[in-house]
């Protein structure tokens, strides 16, 4: 597809702002996509645009798409078609519709022919150029460079979450070759950010009010191998703990193949590292792990999990599995069920395998029908629900630290928050039915009730201090998809 040389690179600094224009930005898929959207938002706000909550009120609409599996692709196309209707004067004010992200990177040429209502398509390496695209009088319709871009602490970005929590993307792309995954094609190879640059961004987010930082990447534990000096994840974590005044640092999408003892030591000894680990394991059959090219067998995974549990007391483990992979027999699936029963993970996501062109698994023999995949997912999730119910009931009577998020959407008579073992967006919540606290405050809650995923309790301790107000506007309501959610990590 066409690529405009004059639109490559870092957006123009301090451009003259255009007349104030309303924009609407819809993000589909994972938290890594959210960060990309926050950079687009920061870039456009710097240029004089302002965000609106209703797409009908926007003159410019941006859709940041996902294309990880078939369901995500369909959701993205549906969103484009719906937003395209707002270009009709009787429906809305939109005069410019921009589509960015993984769907564009993967199918730019096809989309260009089938979606004439879209004014510009930007690939995964071009989203930071959105301001230049809108400013140019004759910008190309498609800007799809090779996915080589990675933002820095200097890149304009506006946190779209409430200011007390934020995501920090420490690297982009992936060097793994998992047979089921298209991400390296869509996002390119591993590109890690320097430790000093990550620390600078983290300090800026904390200065704006963040008390919780969620570290994300396609492969968190591969961090740094592509950087000069080959820094390691545990070195980054130690530096963050030393130089950033934050309460919780949470680890997401930690590929299990390379998990050194030094990383476990930092998790065990640094109080700022939340006792929470998101590690996508994907299966428990050696045959399937080999065909998926995961690099480790079940014996290794069991040993790593046992070591983590022993050396990091109280660790909450989240993982993801894929069912219905090509060649997955009933025996393989039984191994997976037994593994889940034995490991008793606190958080589990189960996804049905999606046959994707361009992947090694997409051409393997033994593809399963949709009914088989759905049945296996339901069966595995039923096992996990029973485990979650037992684990949550065991918390009744215990006192936990909870980050308060504000009034419950269901009723103003309840506060809602998350304990250390509940990550934003993907895990359950803790409801508070007695006590006063401010959003962004961490309080002590005694658990009195438990359901499969959520907890209920009352406040038994707080320091009485209202959290400091953010030093800069940090909370913009950025719509995220409410339906399909991407399988996070590699």
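What to note about this one:
- Out of 131, 125, 113, 163, sole residue that is at pLDDT below 95 and touching a helix residue (DSSP H, G or I) at 6+ places or on another chain (Cβ under 6 Å): 131
For every residue, the table says whether it meets (1) assigned to a strand (DSSP E or B); (2) within 17 Å of residue 290 (Cβ to Cβ); (3) in contact with a strand residue (DSSP E or B) (Cβ under 7 Å, 6 or more places away or on another chain).
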| site | (1), (2), (3) |
| --- | --- |
| 328 | no, yes, no |
| 332 | no, yes, no |
| 351 | yes, no, yes |
| 380 | no, no, yes |
| 384 | no, no, yes |
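- Residue 90 being surrounded by fewer than 18 Cβ atoms within 10 Å (Cβ to Cβ) and touching a residue at least 40 places away in the same chain (Cβ under 8 Å): no
Residue by residue, here is whether (1) within 28 Å of residue 205 (Cβ to Cβ); (2) in a loop (DSSP other than H, G, I, E, B); (3) touching a residue at least 60 places away in the same chain (Cβ under 8 Å) holds:
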site: 121; (1), (2), (3): no, no, yes
site: 129; (1), (2), (3): yes, no, yes
site: 132; (1), (2), (3): yes, no, yes
site: 140; (1), (2), (3): no, yes, yes
site: 147; (1), (2), (3): yes, yes, no
site: 157; (1), (2), (3): yes, yes, yes
site: 178; (1), (2), (3): no, yes, yes
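- Within the span defined as region 80-98, every residue fails to be part of a helix (DSSP H, G or I), farther than 24 Å from residue 137 by Cα and touching a strand residue (DSSP E or B) at 6+ places or on another chain (Cβ under 6 Å).
- Some residue of region 58-72 being in contact with a strand residue (DSSP E or B) (Cβ under 8 Å, 6 or more places away or on another chain), surrounded by 23 or more Cβ atoms within 10 Å (Cβ to Cβ), free of Cβ contacts under 8 Å to residues at least 40 places away in the same chain and over 22 Å from residue 167 (Cβ atoms): yes
- Number of positions in region 198-215 that are within 20 Å of the chain's Cα centre (by Cα), closer than 19 Å to residue 235 by Cα and either part of a helix (DSSP H, G or I) or free of Cβ contacts under 8 Å to residues at least 12 places away in the same chain (or both): 4
- Residue within region 459-482 that is surrounded by 14 or more Cβ atoms within 10 Å (Cβ to Cβ), outside any loop (DSSP other than H, G, I, E, B), at negative phi and at pLDDT 95 or above present: yes
- Consider region 20-57 and keep the residues that are free of Cβ contacts under 8 Å to residues at least 40 places away in the same chain and assigned to a helix (DSSP H, G or I). The one that is nearest to residue 152 (Cα to Cα) is 55.
- Exactly one residue out of 185, 155 is touching a helix residue (DSSP H, G or I) at 6+ places or on another chain (Cβ under 8 Å) and modelled with pLDDT under 95: that is 185.
- Search result, residues across region 87-110 that are closer than 24 Å to residue 39 by Cβ and more than 25 Å from the chain's Cα centre (by Cα): 94, 95, 96
- Residues that are closer than 23 Å to residue 103 by Cα and touching a helix residue (DSSP H, G or I) at 6+ places or on another chain (Cβ under 8 Å) within region 38-55 comprise 39, 40, 43, 44, 55, listed in sequence order.
This table checks each residue for (1) in contact (Cβ under 8 Å) with a residue 24 or more places away in the chain; (2) crowded, with 20+ Cβ neighbours inside 10 Å.
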| site | (1), (2) |
| --- | --- |
| 324 | yes, yes |
| 329 | no, no |
| 341 | yes, no |
| 347 | yes, yes |
| 359 | yes, no |
| 364 | yes, no |
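- Residues that are more than 25 Å from the chain's Cα centre (by Cα) and in a loop (DSSP other than H, G, I, E, B), drawn from region 396-409: 396, 397, 398
- For region 429-445, a tally of residues being within 16 Å of residue 210 (Cα to Cα) and either assigned to a strand (DSSP E or B) or free of Cβ contacts under 8 Å to residues at least 60 places away in the same chain (or both) returns 4.
- Restricting attention to region 146-166, the residues that are surrounded by fewer than 21 Cβ atoms within 10 Å (Cβ to Cβ) and either more than 18 Å from the chain's Cα centre (by Cα) or closer than 21 Å to residue 192 by Cβ (or both) add up to 8.
- Which numbered condition residue 442 misses (of (1) more than 27 Å from the chain's Cα centre (by Cα); (2) surrounded by 14 or more Cβ atoms within 10 Å (Cβ to Cβ); (3) modelled with pLDDT of 90 or more; (4) farther than 13 Å from residue 395 by Cβ): (1)
- Scanning region 289-306 for any residue that is farther than 28 Å from residue 425 by Cβ, surrounded by 23 or more Cβ atoms within 10 Å (Cβ to Cβ) and at pLDDT 95 or above turns up nothing.
The values are calculated or read from the model by the stated rules, or taken from the named source; none is laboratory data. Bear in mind that the values here come from a model prediction, so they are computed numbers and not experimental data. Every residue, glycine as well, gets a Cβ built from its backbone with ideal geometry; the counts of neighbours run over all protein chains shown.
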